[in-house]
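*Asks:* Here you go, one structure.
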Amino acid sequence: MSAKHVNPTRMELTRQKRKLVTAMRGHKLLKDKRDELMRQFLSLVRENKALRERVEAGIHRAHQGFLLARAGMSDEEIRLALLAPKQEIFLQAETKNFMNVAVPSFHMTTRTSDPNDIYAYGLAFTSADLDQAVGALAEILPDLLRLAEIEKACQQMAAEIEKTRRRVNALEHVVIPETQQNIRFIKMKLDENERSAQTRLMKVKDQMLENAHHYQQRSEEKTALAMQEE
């Protein structure tokens with residue numbers, strides 16, 4: 001709202017001052033939120049980088065193990081070994097609210113607590129390379145879930161940071177300067193009106209004094225004429 005669309009009244013001046021206070025308070029809170037989001041975002045990015053490197057290295061080891069296992073076992077033997085898994089994984093997905101950002105949270109549980117249940121076959125009839133590949137996959141699974149959490153959280157936080165940044169810029173470069181301009185405009189108009197009112201009062205006073213002076217002169221003239229007639 002530009003200054004020319006503002007009613008130059010004291011009530012509007014009070015409203016604009018309240019709006020300015022609210023805008024400045026909101027600007028500070030949003031800046032603090034943006035800075036904290038940026039701090040958390042950078043921390044997650046560093047963790048994401050380390051996790052991705054670890055997960056990619058684990059997947060590479062598992063892939064190498066499966067290639068070596070295929071070299072020593074037939075495809076049919078590998079399929080039969082992995083056909084009936086003994087272990088089962090249950091994944092629970094939740095969301096956590098961090099500074100108005102919904103970030104995912106995954107909780108993994110297994111059907112049994114025995115870590116050897118990841119091997120659904122007899123170890124005597126399979127290649128050690130297959131055991132290493134399955135073990136590598138089981139080892140990186142928690143990191144893989146954590147990586148999924150972090151990457152989704154980074155996406156959500158990046159969107160919230162951008163939205164908060166736009167709000168901060170709107171308050172800083174549009175709302176606050178415009179409100180300050182409106183306050184200056186209203187004050188200027190009120191001062192002009194006050195000066196105009198004082199000028200009118202002075203003119204009225206001068207006119208009243210002049211009229212009173214003329215009335216006194218006429219009274220004196222009438223009195224003088226009456227005395228002369230006597």
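Here's the yes/no breakdown for (1) more than 26 Å from Ala62 (Cβ to Cβ); (2) under 30 Å from the mean Cα position of the chain (by Cα); (3) not aliphatic (A, V, I, L, M):
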site: Phe98; (1), (2), (3): yes, yes, yes
site: Tyr119; (1), (2), (3): no, no, yes
site: Ala128; (1), (2), (3): no, no, no
site: Ala133; (1), (2), (3): no, no, no
site: Val168; (1), (2), (3): yes, yes, no
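*Asks:* Please count how many residues of the stretch 80-118 are in contact with a Leu (Cβ under 9 Å, 6 or more places away or on another chain), surrounded by 15 or more Cβ atoms within 10 Å (Cβ to Cβ) and free of Cβ contacts under 8 Å to residues at least 40 places away in the same chain.
*Replies:* 1
*Asks:* Let me ask something additional. Inside the stretch 6-58, can you point out the residues that are farther than 30 Å from Ile161 by Cβ, assigned to a helix (DSSP H, G or I), of a type in the set (A, V, I, L, M, F, W, C) and touching a residue at least 60 places away in the same chain (Cβ under 8 Å)?
*Replies:* Leu13 - this is the single residue of the stretch 6-58 that is farther than 30 Å from Ile161 by Cβ, assigned to a helix (DSSP H, G or I), of a type in the set (A, V, I, L, M, F, W, C) and touching a residue at least 60 places away in the same chain (Cβ under 8 Å).
*Asks:* Does the stretch 160-168 include one or more residues that are at pLDDT 70 or above, part of a helix (DSSP H, G or I), acidic (Asp, Glu) and in contact with a Lys or Arg (Cβ under 9 Å, 6 or more places away or on another chain)? First the steps, then the outcome.
*Replies:* Here is the first cut: in the stretch 160-168, the ones at pLDDT 70 or above are 160-168.
In the following step, the residues that additionally are part of a helix (DSSP H, G or I) were identified as 160-168.
Within this subset, residues satisfying the condition of being acidic (Asp, Glu) are 160, 162.
If we keep only those that are in contact with a Lys or Arg (Cβ under 9 Å, 6 or more places away or on another chain) as well, we get 160.
Taking every residue of the stretch 160-168 in turn, at least one turns out to be at pLDDT 70 or above, part of a helix (DSSP H, G or I), acidic (Asp, Glu) and in contact with a Lys or Arg (Cβ under 9 Å, 6 or more places away or on another chain).
*Asks:* Can Glu12 be described as among the acidic types (Asp, Glu) and closer than 26 Å to Ala102 by Cα?
*Replies:* Values: among the acidic types (Asp, Glu): yes; closer than 26 Å to Ala102 by Cα: no.
When the stated conditions are applied, Glu12 does not pass them.
*Asks:* Among the listed residues Asp143, Asp131, which satisfies the condition of being at pLDDT 90 or above and either surrounded by 15 or more Cβ atoms within 10 Å (Cβ to Cβ) or not in a strand (DSSP E or B) (or both)?
*Replies:* Working: Asp131 fails: at pLDDT 90 or above.
Among Asp143, Asp131, only Asp143 is at pLDDT 90 or above and either surrounded by 15 or more Cβ atoms within 10 Å (Cβ to Cβ) or not in a strand (DSSP E or B) (or both).
*Asks:* Shifting gears a bit: Looking at (1) exposed (fewer than 13 other Cβ atoms within 10 Å of the Cβ); (2) within 30 Å of Asp191 (Cα to Cα), find the lone condition where Lys19 falls short.
*Replies:* Exception for Lys19: condition (1).
*Asks:* Confirm whether Glu160 is within 22 Å of Arg46 (Cα to Cα), open to solvent by less than 50 Å² (accessible area, probe 1.4 Å) and not hydrophobic (A, V, I, L, M, F, W, C). It would help to see each step written out before you state the result.
*Replies:* Values: within 22 Å of Arg46 (Cα to Cα): yes; open to solvent by less than 50 Å² (accessible area, probe 1.4 Å): yes; not hydrophobic (A, V, I, L, M, F, W, C): yes.
Yes: the conditions hold for Glu160.
*Asks:* Run down Leu37, Leu67 and say which single residue is over 18 Å from Arg146 (Cβ atoms), at pLDDT 85 or above and in contact with a strand residue (DSSP E or B) (Cβ under 9 Å, 6 or more places away or on another chain).
*Replies:* Numbers: Leu67 fails: in contact with a strand residue (DSSP E or B) (Cβ under 9 Å, 6 or more places away or on another chain).
Exactly one of Leu37, Leu67 is over 18 Å from Arg146 (Cβ atoms), at pLDDT 85 or above and in contact with a strand residue (DSSP E or B) (Cβ under 9 Å, 6 or more places away or on another chain), namely Leu37.
*Asks:* Take the stretch 159-201 and flag every residue that is within 30 Å of Glu36 (Cα to Cα), without any contact (Cβ under 8 Å) to a residue 12 or more places away in the chain and of a type outside the set (Val, Ile, Thr).
*Replies:* Filtering the stretch 159-201 for residues within 30 Å of Glu36 (Cα to Cα) gives 159-180.
Next, from what is left, pick out any that are without any contact (Cβ under 8 Å) to a residue 12 or more places away in the chain: 159, 162-163, 166, 169-170, 173-174, 177.
Across the stretch 159-201, the qualifying residues are Ala159, Glu162, Lys163, Arg166, Asn169, Ala170, His173, Pro177.
The values are calculated or read from the model by the stated rules, or taken from the named source; none is laboratory data. This is a predicted model, so every value here is computed, not measured. Glycine also receives a Cβ, built like all others from the backbone with ideal geometry; neighbour counts cover every protein chain displayed. To get the accessible areas, we keep the full protein, side chains included, count just its heavy atoms, and leave off ligands, DNA and RNA. Shrake-Rupley method; radii C 1.70, N 1.55, O 1.52, S 1.80 Å.
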